[in-house]
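Q: One structure is given below, represented as structure tokens, and several questions about it will come after.
The values are calculated or read from the model by the stated rules, or taken from the named source; none is laboratory data. Note that the structure is predicted; figures quoted are calculated from it, not measured. As a convention, Cβ positions derive from the backbone with ideal geometry for all residues, glycine included, and neighbour counts pool all protein chains shown.
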Amino acid sequence: MIPAPFTYLRVGSVQEALDALAEYGDDAKLLAGGHSLIPLMKYRLATPKVLIDISGIAELSGVTFEGDSLVIGAATRHAIVEHSPVVKEHCRLLAYTASLVGDPQVRNRGTIGGSVAHGDSASDLPVSLLAMDAQFTAQGRNGTRTIAAADFFVGFWQTALTPNEVLINIKVPLAKQRWSYQKFTIRSQDWATVSSAVYGNAVALGAMADIPIRARDVESALLQGADISQAALLADHNTSPSSDTRASSDYRRHLARVLTEDGLREALARN
Ligand SMILES: Cc1cc2nc3c(=O)[nH]c(=O)nc-3n(C[C@H](O)[C@H](O)[C@H](O)COP(=O)(O)OP(=O)(O)OC[C@H]3O[C@@H](n4cnc5c(N)ncnc54)[C@H](O)[C@@H]3O)c2cc1C
């Protein structure tokens, strides 16, 4: 439970972070809240030689507007997203989802950017961001690029970010949509065994594959006029849930159907 030795480097700007990534290459890892990376380092599943701490970069933190999007800095802590009056007013799904991440200690250190960059399918925020068709802004030494949520999560703990990029912000389209986030846990304040986010006609699932996924068959059935019960039965179509100490694959499939039905009903009631 003791990490391998590493050098700690605190940077004050995105440019300094990019310079450090270029200098140390594969030996380096960005550190935001440390609530996913440090546990991995303690298990020696990650052994970076250099940690580049980006948590103090002011330009990476906060919530602003840009056109018809809400822009959330990548190093914005979960607690800020949870309690921000602006997020609560314009994107209730995101504020609510943030409120379910771990416990208050986790929410006071962990960041939205760290959560999505970690790329864990059982994390909460990626599921809701996928349902909302969020856009992710990444910056490298050659400029910035935008990655759609649907293209961002590419494999088990893998994202479309390259090792020399910094995730700058997350843009959420402003739209008043009915919403719900359902999370099943085997203990309170735990990662999701399965989760389901509903935003308008979009449905996304967590822990039903290596990456968060959209329940496209449910969405199509709803568009074609299926009732909620019938549509929700399709929630586990095209999924590949694992069996592990939390749940069997079959139980996860059952949860996906039940949580999606509950979520669709809750969202409808909010209309
Ligand atoms: C006890 C405990 C309970 C938890 N419970 C939950 C839970 O219920 N639900 C949930 O969703 N999560 C949970 N988490 C995880 C938590 O949400 C983490 O905060 C989050 O997953 C990672 O964010 P971080 O800022 O701590 O990232 P870090 O751990 O600092 O970094 C994670 C990864 O992202 C990379 N990274 C970080 N920021 C950037 C960036 N701006 N650009 C590019 N790469 C970046 C890092 O290099 C690293 O690879 C829990 C964590 C703990 C310790």
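Q: Are any residues in segment 139-149 farther than 20 Å from LEU18 by Cα and surrounded by 13 or more Cβ atoms within 10 Å (Cβ to Cβ), and if so, which ones? Can you show your working first?
A: If we filter segment 139-149 for residues that are farther than 20 Å from LEU18 by Cα, which is where we start, we get 148-149.
If the condition is that a residue be farther than 20 Å from LEU18 by Cα and surrounded by 13 or more Cβ atoms within 10 Å (Cβ to Cβ), then ALA149 is the only one that fits.
Q: For segment 180-197, does any single residue satisfy the condition of being assigned by TED's automatic domain parsing to the domain that holds LYS88, over 16 Å from the mean Cα position of the chain (by Cα) and outside any strand (DSSP E or B)?
A: Checked segment 180-197: no residue is assigned by TED's automatic domain parsing to the domain that holds LYS88, over 16 Å from the mean Cα position of the chain (by Cα) and outside any strand (DSSP E or B).
Q: Among residues belonging to segment 184-229 that are aliphatic (A, V, I, L, M) and touching a Gly at 6+ places or on another chain (Cβ under 6 Å), point out the one that is surrounded by the fewest Cβ atoms within 10 Å (Cβ to Cβ).
A: Initially, segment 184-229 is screened for residues aliphatic (A, V, I, L, M), giving 186, 192, 194, 197-198, 202-205, 207-209, 211, 213, 215, 218, 221-223, 226, 228.
With touching a Gly at 6+ places or on another chain (Cβ under 6 Å) added as a condition, the list becomes 192, 198.
Values: ALA192: 26, VAL198: 31.
In this case the residue turns out to be ALA192.
Q: Please list, ordered by residue number, the helices (runs of 4 or more DSSP H) wholly in segment 74-171 having 1 or more residues that are at pLDDT below 95 and not assigned by TED's automatic domain parsing to the domain that holds VAL194.
A: Values: elements: 78-83, 85-90, 92-99, 104-109, 112-118, 125-131, 149-152.
Helices (runs of 4 or more DSSP H) meeting the threshold: 85-90.
Q: Another question about this same structure. Based on this model, can you work out whether GLY114 counts as over 23 Å from ARG252 (Cα atoms), out of contact with any strand residue (DSSP E or B) (no Cβ under 7 Å at 6 or more places or on another chain) and more than 14 Å from the ligand (Cβ to nearest atom)? Talk me through it step by step, then tell me what you get.
A: Details: over 23 Å from ARG252 (Cα atoms): yes; out of contact with any strand residue (DSSP E or B) (no Cβ under 7 Å at 6 or more places or on another chain): yes; more than 14 Å from the ligand (Cβ to nearest atom): no.
No, not satisfied.
Q: Tell me which residues, restricted to segment 1-33, are assigned to a loop (DSSP other than H, G, I, E, B) and under 23 Å from the mean Cα position of the chain (by Cα).
A: Listed by number, the residues that qualify are ALA32, GLY33.
Q: Pairs, please: C-beta under 9 Å, at least 6 apart or cross-chain, first residue closer than 23 Å to GLU16 by Cα and polar (S, T, N, Q) and in segment 26-44, second part of a loop (DSSP other than H, G, I, E, B) and near the ligand (Cβ under 6 Å from one of its atoms)?
A: Taking only residues 6 or more apart or on different chains, the pairs are SER36/GLY110; SER36/SER123.
Q: On to the next question. Out of segment 150-172, which residues are among the polar types (S, T, N, Q), surrounded by fewer than 20 Cβ atoms within 10 Å (Cβ to Cβ) and over 18 Å from GLU23 (Cα atoms)?
A: Scanning segment 150-172 gives a single hit, GLN158.
Q: Could you list all residues from segment 198-227 that are among the aliphatic types (A, V, I, L, M), part of a loop (DSSP other than H, G, I, E, B) and over 14 Å from VAL127 (Cα atoms)? Give the derivation first.
A: The first filter runs over segment 198-227 and keeps only residues among the aliphatic types (A, V, I, L, M), leaving 198, 202-205, 207-209, 211, 213, 215, 218, 221-223, 226.
Narrowing further to those that are part of a loop (DSSP other than H, G, I, E, B): 207-209, 211, 215, 226.
Within segment 198-227, ALA226 is the sole residue that qualifies.
Q: Being loosely packed, with under 15 Cβ neighbours inside 10 Å, assigned to a helix (DSSP H, G or I), of a type outside the set (S, T, N, Q) and within 14 Å of the ligand (Cβ to nearest atom) is the requirement here; does GLU59 meet it? Quick ask: steps written out before the conclusion?
A: Numbers: loosely packed, with under 15 Cβ neighbours inside 10 Å: yes; assigned to a helix (DSSP H, G or I): yes; of a type outside the set (S, T, N, Q): yes; within 14 Å of the ligand (Cβ to nearest atom): yes.
When the stated conditions are applied, GLU59 passes them.
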